[in-house]
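The values are calculated or read from the model by the stated rules, or taken from the named source; none is laboratory data. A quick note: this is a predicted structure, and the numbers were derived from the prediction, not measured. These area figures cover heavy atoms from the full protein model, side chains too; ligands, DNA and RNA do not enter into them. Shrake-Rupley method; radii C 1.70, N 1.55, O 1.52, S 1.80 Å.
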Amino acid sequence: MEYKEIKKQNWEKIIEEVIIGIVLFIGLVSLLYSWIDSLFGVIVGIPILTFLGVLVSFLVVYMIRVFDKG
């Protein structure tokens with residue numbers, strides 16, 4: 001039996017990247033808050049956490065897009 005690779009549509013790739021970005025953002029904000037609070041003993045503001053979460057999530061999704069062969 002011959003295997004044929006199914007090519008993804010652009011909208012499928014976009015939805016996939018958005019879901020990855022949202023999950024990363026939520027996880028990173030929780031992780032960063034816990035990590036910064038326990039390491040430095042400082043309560044970090046929501047805007048800083050949001051900015052760091054968005055920045056790291058964007059970079060990870062961008063790297064996935066750059067190195068994705070499909």
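Worth a mention:
- Crossing angle, helix 46-67 versus the chain [Cα axis fit, 0-90 degrees, rounded to tens]: 20
- Of the accessible area of the stretch 7-66, computed with a 1.4 Å probe over protein heavy atoms only, carbon and sulfur atoms account for 78 percent.
- Normalising the average separation of contacting C-alpha pairs (under 8 angstrom, six or more residues apart) by the number of residues puts the relative contact order of the chain at 39 percent.
- Heavy-atom accessible area for residue 40, with the other protein chains in place and a 1.4 Å probe, reaches approximately 130 Å².
- Under 20 Å from the Cα of residue 7 - aspartates and glutamates, other chains or at least 8 residues apart: 16, 17, 68
- Anisotropy class of the stretch 13-70 from Cα gyration tensor, a/c 1.5 cut: prolate
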